[in-house]
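Take a look at the structure set out below.
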Amino acid sequence: MRKFLKENQKNPWFWIFVVLILVLGVALPLMSLSAGNSGDEDGFQWPYAEEIYNYYATGGQDTTCLQNEDMGMHGGFFDQMTYAMVKWFHVDNYSQLRHVMNSLFGWICILYMGLLVAAIAGWRAGVFTILLLFLSPRFLGHSFNNPKDLIFASMFAVSIYYCYRLISQYPKPKISASILLAIFAALAVVSRFAGYLVFAYLVLFLILYHIIKTKKQCLNKDSLKTIGRYVLYVAGIGILTFGITIALWPYIMSSPIKTTLDIVSGMSQYSVSLRQLFDGVLQWSDALPWFYTPKLILMTIPVAVIIGLILFFVFCWRKKDDRFWAFFILFTFLFPIFWIVVTHANVYGGWRHALFAYPTMVAAAGWGFDAMLKWVENKLEARAAKKDPSTQPESRRGVVVDVVGTAVLLLLLVGPIRHIVANHPYEYVYFNELSGGVKKAFGNYELDYYYNSTREATEWVLQNAEPKADGSKTIVGTWHSASVSYFLRNDTAHFQPRFVRWYELDNSDWDYAVFTITGINPKYLRSKYFPPKNTIKTIEVDGVPIALILKRTEKFSAKAAEFKNKNQLDSAAMYYHKALDVNPDNYIALFNLGEVFVRANRPDSAIFYTNRALEIDPEAEAPKLIQCYALAGQNKLDDALNLLHKINKYNPKYTQAHQLAVRIYINQKDFISAKKEMQKIIDHDMVDQASMNLWLECEAQQGINPQQSTKNLYKAMIKSMESRGRYRDAEKIRKQMKK
C-alpha cells in the first residue's frame, strides 16, 4: 500500500478519484432512502428469502425453499444477506435497509470499473468512468432497488476486474487475485447463473494473451509450464467458485450436479412472458423484435456514453499495447448484447437483463474520452516542439487539456444531471436527448416498468385520504398489491389493500386506487380520455404521468357487477346506466353493459355500447370480444371470425378470442379450422380447462373417445413444447399423460 500511495501521491487525478468515490459512497445510500419498492421485491424475493433463511436456521430441516422450483432457479444471495440482517438487528423498515445495501453494490460496481480503467489507461480515465457510470440515470436508478439485475451486474463487473488482474499477472498469477475472482464469481453466479460466463471470458482471453506474449514459441517447454500453471489456477478458481455457490444456494446444495444441469436447461427454456410497450405497440416479451435490447440501450444511455464509445473505437486501438485490453473490454459488453439478439432471448423490463454488460460499456466510453485527450496532448506537444518548447510548459498544456476535457464531458452530461436532480427517485425512467426524452417516450415505451412510483402514490393516499363516514377501512385498489401492502403495513386499522386489474377496476369495491401506467393500451394513454376523470393525483417524470391515484366517485359499477355475476341482467343494466350518468366515459361500465346485452340476447345494444367503449380505448380487446359474441348471436359468423382474427393479431395470447373461434368452427363442423385454432392455444401455452373441453368436444364429434382425445391433446402439447426447445416442460406433460 505504501508503494502504491508513493507512486500516485503526486497525481492529482488519483486524489480526485479517491475523493469522488468516497463522496459517492455516502451519496448513493442517502439517495436510496427515498426509492420505492421494485416489482419483484415484496411478491417474490422477500418471501423466498425467508424460506432460505429458515432452511439454514433449521439446519436444513425446513425444506420449503426446495419446493419453490421457480425461485429455486435463482440463488438470491443478496436476499439471504439482507433477510439475515433484518432478523439479527430487528429492522422494521426492511425495504429501506435493502435499498441502502442495494446502493452499496451499485457503488462497488462504480468503484471497480473505475479501478479497471485506471489500471489500463490511468487515473483520469478512471475518473471519467466513475462520472459516466454514476451519471447514467438507468444504472443509478437500478442501484437503489433492483436486487437482481444490479447485484449481478456489480458482482460480474468485479469478476471482470479480477479477470484483468489475473491475465495481466502473466506468467505468474497471484493466489490472492485467484481467490478474489472465485469469491466474486460465485456471488455473481448466486445472483444469476449466467455468472459462469466470466469463466468463458477468462479462458478465452488467457489463451489470446498467451499466444500474443509467446508468439511462435507458444508450445515450448517454458510456455507449456505457464499453460499448466494457468490450467491449475483456472481449475482451482472454478472448483472454489462452485463450492461457494453450493454453500449459498440451497436448491443446488440438495443435488449439485443434477440441479445445476436443471438450471442450465431451465435458463434456455424460460417461459414467463410479459407484455411490453415497445415502438408504440404492446408486444409479448417472447416475440419482441431482435433489435429490442440494442435500440432501448441506445435510447436510454447518456449521449456522453455514446460519444465516448465512438471515441473508444477511434482512439483506443491506435497503440499496439492497448489493442488487447481494448478488445477485452469491447468483448465483455458486446457479446452479451449480441447473444440476446441472435438467440431471441426472452427479455423484458427495458434492458435490465442486459445491465451486466453496461459497466464495461461505460469503461470503454471513459477510456475513449481519456484517449482523445491524450491524442490532443500529443498533438499540442508536437506542434509546440516545432516552434519553441519553452513558450508553453508541458504541465500547463496538460492542465488546460484536463480542464477543457472535463468541462466538455460535464457539458455532455447536463441532460442526465438535470434528469437526476428533477426526477429523483425515478432516475431509471430516462430517455436521452437523441430519442426525444421522456415526453416523446410516453405512450411509446415503458416508463415505470418496475413500479417504483407505487411508494409515493401510496404514501400520498395515507396522508390525504378522507376517512369513511361509517368508520370502515379505506380500501386501496391496485394491481401492485404486494408493494402497496408494504407501505400500508403501519396503518392496517384504517387502510386495506385490494388486488384489482386496470381493465376490471370498477367491478370491485375500492375507495382509492393506485396504478402505474404499465400495461395500459398506448392509444388510450395518448387520447383525450387519459387520465380518467376521477384521477386526483399523478406521479410525473418530466411532466408526463407514470402513476395515477384515483378516487371513487360512484360504486354503481361494483353493484352492477354483483348482479351480472348472478345473471340478474335487468338490475345489472340499471346500475351500469347509473354509473354512466356519473361518468359517461366510464369505459368499464360501457363494455360490461355490452356484455349484459349480449347475455340478454340484444346484440344491437351490445354493439352500440362496446363501440362507445372503443372510442375511449380503440385497442381494448374485451369490447371487441363482446362484439364477436354479438355478431355470432346475429349469425354473422364470418364477421365474428374476422374480428376474432384481428384481436389475435394484436394480442396472439388472448385466450378467449381463440376459444370463441374454436367454438364457431365446431358449430360449423369445420374441424380442421377448429384444430388449427386450438394449435395456436397450445403453441402459446394457454391450455386451460375451457380449452381442454373444446378439444374434447371437437374430437368427440369426430368419433374419438375421451381417453384417446386427452392423450392426443397431451401429445400435441409435448410436440409443441419440444419444437420450441422446452424439453423440461414437455417432460412434465409426458409424466402427466402417463398418470
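The values are calculated or read from the model by the stated rules, or taken from the named source; none is laboratory data. All values derive from a computational prediction rather than experimental measurement. Don't worry about glycine lacking a Cβ; one is built from the backbone with ideal geometry, like all the others, and counts go over all protein chains shown.
Anything in segment 599-619 that is surrounded by 24 or more Cβ atoms within 10 Å (Cβ to Cβ) and over 15 Å from residue 557 (Cβ atoms)? List them, or say none.
606, 610
Please go through segment 506-529 and give me each residue that is farther than 17 Å from residue 624 by Cβ and either within 26 Å of the chain's Cα centre (by Cα) or assigned by TED's automatic domain parsing to the domain that holds residue 276 (or both), ordered by number.
The answer is 513, 514, 515, 516, 517, 518, 519, 525, 526.
Specify which of the listed residues (423, 452, 378) is surrounded by fewer than 24 Cβ atoms within 10 Å (Cβ to Cβ), of a type in the set (S, T, N, Q), on the phi < 0 side of the Ramachandran plot and touching a residue at least 40 places away in the same chain (Cβ under 8 Å).
Of 423, 452, 378, the one residue that is surrounded by fewer than 24 Cβ atoms within 10 Å (Cβ to Cβ), of a type in the set (S, T, N, Q), on the phi < 0 side of the Ramachandran plot and touching a residue at least 40 places away in the same chain (Cβ under 8 Å) is 423.
I'd like to check something: does segment 64-78 contain any residue that is among the polar types (S, T, N, Q), surrounded by fewer than 23 Cβ atoms within 10 Å (Cβ to Cβ) and closer than 27 Å to residue 141 by Cβ?
No: zero hits.
Output yes when any residue across segment 240-261 is at pLDDT below 75 and buried (at least 18 other Cβ atoms within 10 Å of the Cβ), and no when none is.
So far as segment 240-261 goes, yes, one or more of its residues are at pLDDT below 75 and buried (at least 18 other Cβ atoms within 10 Å of the Cβ).
Would you confirm whether any residue within segment 698-708 is under 22 Å from residue 622 (Cα atoms), among the aliphatic types (A, V, I, L, M) and part of a helix (DSSP H, G or I)?
no
Conditions (1) polar (S, T, N, Q); (2) surrounded by fewer than 17 Cβ atoms within 10 Å (Cβ to Cβ); (3) under 26 Å from residue 470 (Cα atoms); (4) in contact with a strand residue (DSSP E or B) (Cβ under 9 Å, 6 or more places away or on another chain), marked per residue:
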site: 509; (1), (2), (3), (4): no, yes, yes, yes
site: 521; (1), (2), (3), (4): yes, no, no, yes
site: 530; (1), (2), (3), (4): no, no, no, yes
site: 563; (1), (2), (3), (4): no, no, yes, no
site: 566; (1), (2), (3), (4): no, yes, no, no
site: 594; (1), (2), (3), (4): no, no, no, no
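Rundown of residues vs (1) of a type in the set (Asp, Glu); (2) within 21 Å of residue 183 (Cβ to Cβ), yes/no style:
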residue: 51; (1), (2): yes, no
residue: 55; (1), (2): no, no
residue: 62; (1), (2): yes, no
residue: 66; (1), (2): no, no
residue: 74; (1), (2): no, yes
residue: 82; (1), (2): no, yes
residue: 88; (1), (2): no, no
residue: 91; (1), (2): no, no
residue: 96; (1), (2): no, no
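Could you please let me know if residue 212 is without any contact (Cβ under 8 Å) to a residue 40 or more places away in the chain and either touching a Leu at 6+ places or on another chain (Cβ under 8 Å) or on the phi < 0 side of the Ramachandran plot (or both)?
When the stated conditions are applied, residue 212 does not pass them.
Which count do you get for residues in segment 594-651 that are polar (S, T, N, Q), farther than 24 Å from residue 520 by Cα and touching a helix residue (DSSP H, G or I) at 6+ places or on another chain (Cβ under 7 Å)?
Total meeting the criteria: 3.
Could you please find all residues in segment 450-496 being among the hydroxyl-bearing types (Ser, Thr, Tyr) and closer than 27 Å to residue 347 by Cα?
450, 451, 453, 454, 478, 481, 483
Quick one: which residue in 737, 721 is in a helix (DSSP H, G or I), within 27 Å of the chain's Cα centre (by Cα), without any contact (Cβ under 8 Å) to a residue 40 or more places away in the chain and more than 22 Å from residue 657 (Cβ to Cβ)?
721
Step by step: first the residues of segment 291-313, then only those that are farther than 16 Å from residue 139 by Cα and aliphatic (A, V, I, L, M), then the one that is surrounded by the most Cβ atoms within 10 Å (Cβ to Cβ). Which residue is that?
Among those residues, the one meeting the criterion is 311.
Output the qualifying pairs, or none if there are none: Cβ atoms under 6 angstrom, residues six or more apart or on different chains, first residue in segment 287-301 and over 14 Å from residue 339 (Cβ atoms), second residue surrounded by fewer than 21 Cβ atoms within 10 Å (Cβ to Cβ).
Close Cβ pairs satisfying both conditions: 299/435.
For residues that are out of contact with any Phe, Trp or Tyr (no Cβ under 7 Å at 6 or more places or on another chain) and closer than 16 Å to residue 454 by Cβ, scanning just segment 466-489, find the one that is surrounded by the most Cβ atoms within 10 Å (Cβ to Cβ).
The extreme case among them is 484.
Check whether at least one residue in segment 118-141 is buried (at least 24 other Cβ atoms within 10 Å of the Cβ), basic (Lys, Arg) and closer than 24 Å to residue 298 by Cα, and report yes or no.
Yes, some residue in segment 118-141 is buried (at least 24 other Cβ atoms within 10 Å of the Cβ), basic (Lys, Arg) and closer than 24 Å to residue 298 by Cα.
Could you please give the count of residues in segment 284-299 that are outside any helix (DSSP H, G or I) and either of a type in the set (Phe, Trp, Tyr) or in contact with a Lys or Arg (Cβ under 7 Å, 6 or more places away or on another chain) (or both)?
Final tally of qualifying residues: 3.
Collect the residues in segment 581-592 that are in contact (Cβ under 8 Å) with a residue 24 or more places away in the chain, outside any helix (DSSP H, G or I) and surrounded by fewer than 20 Cβ atoms within 10 Å (Cβ to Cβ), keeping them in residue-number order.
Listed by number, the residues that qualify are 583, 585.
Would you check which residues across segment 599-630 are part of a loop (DSSP other than H, G, I, E, B), in contact (Cβ under 8 Å) with a residue 60 or more places away in the chain and touching a Leu at 6+ places or on another chain (Cβ under 9 Å) and list them?
Within segment 599-630, 619, 620 qualify.
Where the second residue is among the polar types (S, T, N, Q) and part of a helix (DSSP H, G or I) and the first is in contact (Cβ under 8 Å) with a residue 40 or more places away in the chain and at positive phi and lies in segment 651-668, which pairs have Cβ atoms under 6 Å and are six or more apart or on separate chains?
Every condition considered, no pair remains.
A quick yes/no check of all residues on (1) of a type in the set (Gly, Ala, Ser); (2) within 14 Å of residue 369 (Cβ to Cβ):
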position: 303; (1), (2): no, yes
position: 308; (1), (2): yes, yes
position: 311; (1), (2): no, yes
position: 320; (1), (2): no, no
position: 327; (1), (2): no, no
position: 330; (1), (2): no, no
position: 333; (1), (2): no, no
position: 337; (1), (2): no, no
position: 341; (1), (2): no, no
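Residues in segment 345-356: is at least one assigned to a helix (DSSP H, G or I), polar (S, T, N, Q) and at pLDDT below 95?
For segment 345-356, residues assigned to a helix (DSSP H, G or I), polar (S, T, N, Q) and at pLDDT below 95: absent.
Residue by residue, here is whether (1) at pLDDT below 95; (2) of a type in the set (Gly, Ala, Ser) holds:
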site: 492; (1), (2): yes, no
site: 507; (1), (2): yes, no
site: 518; (1), (2): yes, no
site: 539; (1), (2): no, no
site: 545; (1), (2): no, no
site: 551; (1), (2): no, no
site: 554; (1), (2): yes, no
site: 558; (1), (2): yes, yes
